[in-house]
Amino acid sequence: MTRKKLYEIVGWTGTMLVIASYMFLSLGYISGSSYTYHLLVLFGSIGVAIVSFIKQAYQPLAINAFFIVIAIVALARITYFH
């Protein structure tokens, strides 16, 4: 497998995780304060951020960097304050 193909897989997997997190939240399958939701956002955003950095697409990199930070803070709050 080439690096380019691997990066595409990482990016598309990340995209699907972010979409799945929002879909599950919107349909009521998961809570916005659940580990599942924030882990999906975290790992999905990491995947999109990686491929955005490699492709030098800085707008999606920036928004996903914020999503990563928000997900980490939310996970910490769930872990330590619930």
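Please treat every number below as a calculation from the coordinates, not as lab data. The model shown is predicted, which means the values in this text are computed figures rather than measured ones. Virtual Cβ from ideal backbone geometry, glycine too; neighbours counted across all protein chains shown.
Within the stretch 68-82, residues that are assigned to a helix (DSSP H, G or I) sit with their Cβ atoms under 6 Å from residues that are surrounded by 11 or more Cβ atoms within 10 Å (Cβ to Cβ), at 6+ positions apart or across chains, in these pairs: 68/45; 71/38; 71/41; 71/42; 74/38; 75/38.
Answer yes if at least one residue in the stretch 24-33 is touching a residue at least 24 places away in the same chain (Cβ under 8 Å) and exposed (fewer than 14 other Cβ atoms within 10 Å of the Cβ), and no otherwise. Yes, the stretch 24-33 contains at least one residue that is touching a residue at least 24 places away in the same chain (Cβ under 8 Å) and exposed (fewer than 14 other Cβ atoms within 10 Å of the Cβ).
For the stretch 3-12, the criterion of being touching a Ser or Thr at 6+ places or on another chain (Cβ under 9 Å) and either among the aliphatic types (A, V, I, L, M) or surrounded by fewer than 17 Cβ atoms within 10 Å (Cβ to Cβ) (or both) is met by none of the residues. Can you find a residue in the stretch 63-73 that is surrounded by fewer than 12 Cβ atoms within 10 Å (Cβ to Cβ) and under 15 Å from residue 11 (Cβ atoms)? Within the stretch 63-73 (the criterion being surrounded by fewer than 12 Cβ atoms within 10 Å (Cβ to Cβ) and under 15 Å from residue 11 (Cβ atoms)), the answer is no, since none of the residues qualifies.
Is it fair to say residue 18 is β-branched (Val, Ile, Thr), over 26 Å from residue 78 (Cα atoms), out of contact with any Leu (no Cβ under 6 Å at 6 or more places or on another chain) and in a helix (DSSP H, G or I)? For residue 18, the condition - β-branched (Val, Ile, Thr), over 26 Å from residue 78 (Cα atoms), out of contact with any Leu (no Cβ under 6 Å at 6 or more places or on another chain) and in a helix (DSSP H, G or I) - is not met. Could you tell me whether residue 45 is touching a Phe, Trp or Tyr at 6+ places or on another chain (Cβ under 6 Å), surrounded by 15 or more Cβ atoms within 10 Å (Cβ to Cβ) and not β-branched (Val, Ile, Thr)? Yes; evaluated as a whole, the condition is true for this residue. Scanning the stretch 26-49 for residues that are touching a Gly at 6+ places or on another chain (Cβ under 6 Å) and among the aliphatic types (A, V, I, L, M) returns a single hit, 48. Across the stretch 27-42, not a single residue is classified as over 25 Å from residue 81 (Cβ atoms) and aromatic (Phe, Trp, Tyr). When the stretch 1-30 is filtered for residues that are of a type outside the set (Gly, Ala, Ser) and within 14 Å of residue 67 (Cβ to Cβ), the ones remaining, listed by number, are 15, 17, 18, 19, 22, 25.
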